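The values are calculated or read from the model by the stated rules, or taken from the named source; none is laboratory data. Computed from a predicted model, the values in this text were never measured in an experiment. All Cβ positions, even for glycine, are placed from backbone atoms using ideal geometry, and neighbour counts span all protein chains on display. In case anyone asks, the SASA skips ligands and DNA or RNA and just uses the protein heavy atoms, side chains included. Shrake-Rupley method; radii C 1.70, N 1.55, O 1.52, S 1.80 Å.
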Amino acid sequence: MSRAVTARRNVRLALAGAAAARLALAGAAALTARPAGSPWRRMNYAGRPVTLLGGPALAASATASAVLGAPPGARAAAAVVGAVSGLVGGYDDLAGARPEQARDKGLAGHLRALREGRVSAGAVKVAGIGAAAAVAALLTRRDGGSRGGGLVDGVLTTGLVAGTANLLNLLDLRPGRAAKAGVLAAAATLHGPGAGLVAGPLGAGAAVLPADLGEQVMLGDSGANALGALIGLRLAAVPGRGRRAALLAGITVLTLASEKVSFTTVIEATPGLRELDRLGRRPA
């Protein structure tokens, strides 16, 4: 397939993802006003009312369009990681808001809950995404040349899918931040034979971004985890085991750093990142 044909196909996939996201957002808006939408309502960082239903809308549209554009060998994996990450993320959005789980945030919070004999909603989410990532590794396993090589590739795929899902969710602390990061990451990987996998999610993320920046919706765990998992699956197809290992190392370092350092503080203190982060956002 020529570059021109591939580019046109990716544009069509992005438009399909965007159209699906706008349709899903319309459904979310209708549900928000009904009693069934009440559990999804939240106050954001600025004390403004938003709905977390933007997350399922993004998860569904990004997953469907990823499956549509993925290479044949990755379609089932895209369906698994997108759907499972969106579902368990939605569970955490709802169950994690219960008062008894207020302290169960971050890796330290999940581990503390386990020591106390409780399973936090976040731990359920982590286990679900990890399992989906492992299944994706099995579904997309490549010829590693040896049994050990295949195991290494499986670990890398599992880590990249689960790690990217979690990292994008860690950015969902300000309107538009996680969606911007997801769109930029998808755009950066929009080349090569497997690029169709992220073309649709790119369009879906871009379509949800205005509502996110306008503080009408939040991505929450459902949207951020699903979009991140699909991007992670694309990263797992990057040629070269060393490059994939470096990507996983970077994601791991950032995730561990988030336990000690506020991403918001770092972004606000960094020229360029600060302006990008604020672009299009309403004043607090």
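When the Cα atoms of the range 22-89 are enclosed in a convex hull and the volume is divided per residue, what value in Å³ results?
96
Rg then Dmax, both in Å and based on the Cα atoms of the range 1-43: 16.8, 51.
Of the chymotrypsin sites (Phe, Trp or Tyr not before Pro) found in the range 21-101, those in coil by DSSP whose Cβ has at most 13 other Cβ atoms within 10 Å are 45.
Across the range 196-208, coupling constants 3J(HN,Hα) worked out from phi with the 6.51/-1.76/1.60 Karplus curve, θ = phi - 60°, read x, 5, 9, 5, x, x, 4, x, 5, x, 5, 6, 7 Hz, and Gly and Pro carry x.
Its DSSP H runs of at least 4 residues, each contributing -39,500 (n - 2.57), put the calculated 222 nm mean residue ellipticity of the chain at -23000 deg cm²/dmol, to the nearest 500. Across the range 57-62, rounded Karplus estimates of 3J(HN,Hα) from the backbone phi angles (6.51 cos²θ - 1.76 cosθ + 1.60, θ = phi - 60°) give 4, 5, 4, 5, 5, 5 Hz, Gly and Pro being marked x. Over the chain, the Kirkwood radius and the radius of gyration, each from Cα atoms, give a ratio Rg/Rh of 0.96. Amide H contacts under 5 Å for residue 217: 51, 212, restricted to partners 5 or more places along the chain or on a different chain, H placed in the peptide plane at 1.01 Å from N. For residue 141, nonlocal amide neighbours, meaning residues 5 or more places apart or on other chains whose placed amide H falls under 5 Å from its own, do not occur.
Karplus-based coupling profile of the range 270-275, in residue order and whole Hz: 10, x, x, 5, 4, 5, with θ = phi - 60° in 6.51 cos²θ - 1.76 cosθ + 1.60 and x standing for Gly or Pro.
If you build a Gaussian network model of the chain, linking Cα atoms that sit under 10 Å apart, which residue out of 124, 152, 253 swings the most? Result for the chain, Cα springs under 10 Å: 253 fluctuates most. Computed log10 I(q)/I(0) for the range 148-194 at 0.17, 0.18, 0.29 Å⁻¹: -0.63, -0.69, -1.01, from the Debye equation with unit scatterers placed on every C-alpha and solvent omitted. Between residue 124 and residue 38, residue separation times 0.36 nm minus the direct Cα-Cα distance comes to 28.7 nm.
Let me make sure I get this right: for the range 183-284, a, b and c are the square roots of the gyration tensor eigenvalues over alpha carbons, sorted descending. Under 1.5 in a/c it's rounded, otherwise prolate if a/b > b/c, else oblate. Which is it? It comes out oblate by the Cα gyration axes. Comparing 33, 136, 186 in a Gaussian network model of the chain, where Cα atoms under 10 Å apart are tied by springs, the biggest mean-square fluctuation is seen for 33. Could you work out which residue, out of 117, 196, 17, moves most in a Gaussian network model of the chain, that is, has the largest mean-square fluctuation with Cα springs under 10 Å? Most flexible of the set in this elastic network: 117. In a DSSP loop and with at most 13 other Cβ atoms within 10 Å, the GluC sites (Glu not before Pro) in the range 191-284 are 259. Using the 1.4 Å probe convention, the accessible area of the range 227-273 works out to 50 Å² per residue with neighbouring protein chains retained.
Roughly how many Å² is the accessible area per residue of the range 1-62, as a whole number, for a 1.4 Å probe?
Averaged over the residues of the range 1-62, the accessible area is 55 Å².
Here the range 1-61 has 66 percent of its accessible surface on carbon and sulfur atoms, given a 1.4 Å probe and all protein chains in place.
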